[in-house]
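Below is one structure; the comments refer to it alone.
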Amino acid sequence: MHKMLWALFNRDMTLFMQRKQDVVTVLGFFLIAVALFPLGISSDPDLLRTIAPGAIWIAALFSTVLALDRLFSEDLDDGTLEQQMLMPVPISLMLLVRLVAHWVITSLPIVLLAPLMGLQFGLAFNEIAILTLSLLIGTPILVLLGAIGAALTVGLKSSGGLVTLLLLPLYVPVLILGTSAVSSTMNGVDVTAHFSLLGAALIVSLVLSPFAVATALKITLD
Amino acid sequence: MLEVEGLAAEREERLLFSGLSVSVSAGEGLHIIGENGAGKTTLLRILCGLTLQSAGKISWCGQAVSKFREEYCSDLLYLGHKNANKTELNCRENLRLALGVLPVSDDAISDALHDTGLGLISHLPTRFLSQGQQRRLSLARLLLTKSKLWILDEPYVALDYKAIEWLDSHLERHLSNQGMLILTSHQKLTMSSEIRVLNLGEQYA
């Protein structure tokens with residue numbers, strides 16, 4: 001069974017190598033969105049340091065939503081999704097593999113670029129470390145929750161806006177925990193609680209989200 | 001052996017068929033016919049477990065399919081209306097991805113592509129392929145699979161007469177190897193094997 005799941009992971013990687021432009025678009029969006037904050041607000045270094053965690057986190061959040069659009073839609077259109085639903089492995093496990101691949105392709109680059117963005121806003125070394133770590137734990141939660149929205153709306157014509165509306169309420173707690181972890185570090189407050197909560201949210205969504213996505217896709221394909 | 005008992009399906013509150021009972025055992029083929037909208041595709045999708053029936057039971061080798069989904073799926077090959085090919089990949093890559101789950105050698109894939117008549121264009125991204133060639137690529141999976149039950153939705157669509165002969169010979173071979181086959185087609189079948197006909201329009205409406 002692990003061979004099949006590994007083959008599925010490789011499939012998504014192969015497809016990604018064939019259309020890097022999708023990922024470049026998402027990364028470009030992230031970089032530009034973050035770069036626009038200093039231009040639009042102020043070049044005051046102190047102010048920029050204050051808004052940095054929020055700016056980077058919000059940009060990462062919207063990049064995730066942007067990338068979700070492609071998660072199932074093409075596979076539904078060309079018929080590969082129904083073939084995947086017929087793989088002789090549990091559907092939720094199959095979906096978990098696909099979500100991990102999606103995270104590696106679309107979110108990991110954002111996490112890796114975050115330190116650079118932190119430098120741009122003049123964050124200190126330990127603040128950058130906390131920012132990156134919060135994104136490393138936070139973005140998988142965004143992908144796992146977002147996939148539920150993507151699966152529910154995949155059959156619809158213009159699903160982008162609807163997904164955003166569906167997801168934002170779920171994303172708010174993750175956003176608050178992620179940004180306040182970094183701001184607390186700036187103010188010298190202990191951030192163990194933030195990471196405990198983020199970790200708990202990650203575990204819960206890892207366990208529950210694949211089942212919810214499987215149910216949503218079954219309804220879509222029915 | 002696939003057994004279907006008292007199957008009923010509805011689409012948007014319209015009853016397509018009900019009380020459908022049929023069985024397919026090793027070496028048997030079933031040809032489902034019916035007018036457009038009679039529910040042929042819906043029936044095939046129900047048999048695969050992609051669509052939920054409104055009543056009835058499907059069992060595979062005596063076990064309910066809904067409870068032993070993974071075992072059933074490993075014996076099942078379904079080809080629907082959509083070819084499930086990725087347009088940016090070439091034939092070889094597509095076949096490899098589709099069969100990623102099976103231990104298939106490169107040589108076997110080459111042979112299958114050659115046999116399907118795609119040998120010379122196997123390096124082209126499939127978006128350059130004609131409708132019929134895309135269908136052939138989709139059908140090339142039949143050569144490499146070890147599944148016992150083949151469920152094919154309109155496999156003859158877009159095929160030229162040579163490809164139809166080719167497909168016929170493979171379906172016949174599958175049946176003579178004790179495989180099972182369920183297909184829909186609006187054409188009269190040209191296979192030499194004997195195939196039972198199930199008319200969805202008549203007794204089940």
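Derivation of every value follows stated rules applied to the coordinates shown; laboratory data play no part. These figures come from a predicted structure and were not determined experimentally. Virtual Cβ from ideal backbone geometry, glycine too; neighbours counted across all protein chains shown.
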ask   = Counting only other chains, what is the mean number of Cβ atoms within 10 angstrom of the Cβ of each residue in peptide B:70-82?
value = 4
message = If I require 30 Å or longer along the helix axis, counting alpha carbons, and a Kyte-Doolittle average no lower than 0.5, what helices from chain B are left? Use full DSSP H segments.
response = none
task = State whether segment B:99-159 is rounded, prolate or oblate according to the following rule on the C-alpha gyration tensor (a ≥ b ≥ c being the square roots of its eigenvalues): a/c under 1.5 gives rounded; otherwise a/b larger than b/c gives prolate, and the remaining case gives oblate.
result = oblate
query = Averaged over A:83-91, how many beta carbons belonging to a partner chain fall within 10 Å of each residue's beta carbon?
reply = 6
query = Of the listed peptides B:143-154, A:44-55, A:138-149, what is their order by residue-averaged count of other C-beta atoms within 10 Å, with the highest listed first?
reply = A:138-149, B:143-154, A:44-55
query = On a 0 to 90 degree scale, rounded to 10, what angle separates helix A:2-18 from the longest Cα axis of chain A?
reply = 70 degrees
key: Pairwise centroid distance, computed over Cα atoms, of segment A:92-115 with segment B:121-150, Å   = 30 Å
note = So the angle from the long Cα axis of helix A:160-186 to the longest Cα principal axis of chain A, reported in degrees to the nearest 10, equals 40 degrees
inquiry  = Based only on other Cβ atoms within 10 Å, what is the fewest-to-most ordering of A:F37, A:F62?
reply    = A:F62, A:F37
ask   = Which angle between 0 and 90 degrees, to the nearest 10, do you get for helix A:192-221 versus the longest principal axis of chain A when only C-alpha atoms count?
value = 30 degrees
ask   = Nearest-5 percent of antiparallel DSSP beta bridges in the protein assembly as shown?
value = 45 percent
task = Partner chain Cβ atoms within 10 Å, averaged over the residues of A:74-81 - can you pull that number for me?
result = 4
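Of the listed pairs A:K20/A:K157; A:K3/B:K40; A:K218/B:K82, which have alpha-carbon separations greater than 29 Å here? Write down the numbers at each step before the final one.
Numbers: A:K20/A:K157 24 Å; A:K3/B:K40 34 Å; A:K218/B:K82 17 Å.
Listed pairs above 29 Å: A:K3/B:K40.
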